[in-house]
1. Go ahead and run the numbers for FRET between Glu118 and Lys274, Cβ-Cβ distance against an R0 of 41 Å, rounding to 0.05.
2. Check Gln91: other-chain or 5+ apart residues with amide H under 5 Å from its amide H, H built from backbone geometry?
3. Mind checking which aspartates and glutamates have their C-alpha under 14 Å from Lys70, skipping anything on the same chain fewer than 8 residues away?
4. In Å, what Kirkwood hydrodynamic radius results for the stretch 178-289 from the alpha-carbon pair distances?
5. How big is the chain by Rg and Dmax over its Cα atoms, in Å?
6. Just read off the accessible area of His203 with the full protein assembly in place, 1.4 Å probe, to the nearest 10 Å².
7. Past 28 Å, Cα to Cα: identify those pairs from Lys178/Lys222; Lys188/Lys274; Lys121/Lys214; Lys64/Lys150; Lys21/Lys150; Lys150/Lys188, in the order given.
8. If N is the number of residues in the stretch 247-289, what value comes out of its Cα radius of gyration divided by 2.2 N^0.38 Å?
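The values are calculated or read from the model by the stated rules, or taken from the named source; none is laboratory data. The shown structure was predicted, so the numbers you read here are calculated from the model rather than taken from an experiment. When we count neighbours, we look across all protein chains shown, and the Cβ atoms used for this are built from the backbone with ideal geometry, even at glycine. Quick note on the areas: whole protein, heavy atoms, side chains included, nothing else; ligands and nucleic acids left out. Shrake-Rupley method; radii C 1.70, N 1.55, O 1.52, S 1.80 Å.
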Amino acid sequence: MAIIKTEHLSHVYSPGTPFEKTAIGDVNLEIEQGDFVGVIGHTGSGKSTLIQHLNGLLEPTSGKVWVDGKDIWENKKQIRQVRFLVGMVFQYPEYQLFEETVFRDIAFGPTNMGLSEEEIKQSVLEAMEFVGLDPSYADKSPFDLSGGQKRRVAIAGVIAMRPKVLILDEPTAGLDPKGRDMILNQIKSYHEKTGSTILLVSHSMEDIAKFAKKVLVINQSKVFAYDTVEKVFSRREELIEMGLNIPQISNVFHTLAQKGYPVSERVYTVQAAKEELLRVLRERGAAHD
Ligand SMILES: Nc1ncnc2c1ncn2[C@@H]1O[C@H](COP(=O)(O)OP(=O)(O)O)[C@@H](O)[C@H]1O
Ligand SMILES: [Mg+2]
């Protein structure tokens with residue numbers, strides 16, 4: 001069963017004013033439980049607007065959103081429950097830290113959920129482990145931490161609610177390459193260990209190709225494509241025309257294939273590139289025997 005489903009979902013900002021803007025229009029989407037979905041699209045295409053509908057932060061202008069089989073706006077009083085089920089990490093989430101200690105910041109969500117003290121403690125420590133924060137950080141002030149550490153505290157605060165779906169809007173923006181890799185690997189291991197569904201909005205096609213199974217492409221407020229990484233990135237010309245990048249390594253293999261080398265063009269990660277080159281070398285080697 002789809003954990004998230006939208007039907008004819010549209011959102012218009014400032015309707016009836018000169019600033020009226022259809023940010024998403026007629027989005028029909030089904031995301032299966034346990035999928036790791038990369039979300040890409042030009043700035044202003046509607047990515048943030050779309051994902052904020054999936055945990056009830058924005059109410060559709062028209063259309064419907066189902067989470068775990070329930071129409072989330074059927075009973076407005078239950079919208080809070082949806083926010084526990086679908087956790088959202090905003091862009092630059094560290095600006096939302098406000099408690100005196102790391103522990104209390106991460107405990108904010110589980111406390112709101114009404115968990116017992118023991119359960120809260122357990123979920124905070126577990127979340128800290130997922131994001132690679134040593135338990136000794138629990139009593140520190142979040143404001144004494146580095147940028148990357150603050151971000152991990154913010155992500156832990158969402159993970160601590162043990163959401164079935166975790167949505168992250170550009171979680172690595174502004175971090176150095178080491179910090180980026182660390183966070184993405186932690187998200188990957190969270191996904192693998194818990195079987196939760198992940199939606200990762202990113203500008204980095206390399207990151208999407210490396211971590212996601214499926215790619216959702218939003219273009220001009222509509223779904224352009226929702227398919228496997230291979231199928232989406234094989235639509236190279238259309239993506240480039242749309243102003244999106246494709247993984248750099250794909251460009252290398254595209255050029256090699258164009259020049260007549262016997263390599264596949266369907267190479268989207270450095271790991272796949274290595275395997276493809278080894279395959280070609282092995283076949284050549286065999287040919288010489
Ligand atoms: N609060 C808002 N009020 C009015 N327009 C908005 C608001 N938020 C976003 N928009 C507009 O909606 C469109 C989609 O924005 P957004 O969902 O933020 O796209 P993305 O996340 O892909 O950059 C853009 O044209 C943006 O200017
Ligand atoms: Mg955005």
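1. Values: r = 47 Å, r/R0 = 1.15.
So the FRET efficiency works out to roughly 0.30.
2. When sequence neighbours closer than 5 places are left aside, the close amide H contacts are Asp169.
3. Excluding near neighbours in sequence, the set is Glu7, Glu30.
4. 15.7
5. 21.0, 75
6. 100
7. Lys178/Lys222; Lys121/Lys214; Lys64/Lys150; Lys21/Lys150
8. Working: Rg = 10.7 Å, N = 43, 2.2 N^0.38 = 9.2 Å.
Here the answer is 1.16, to two decimals.
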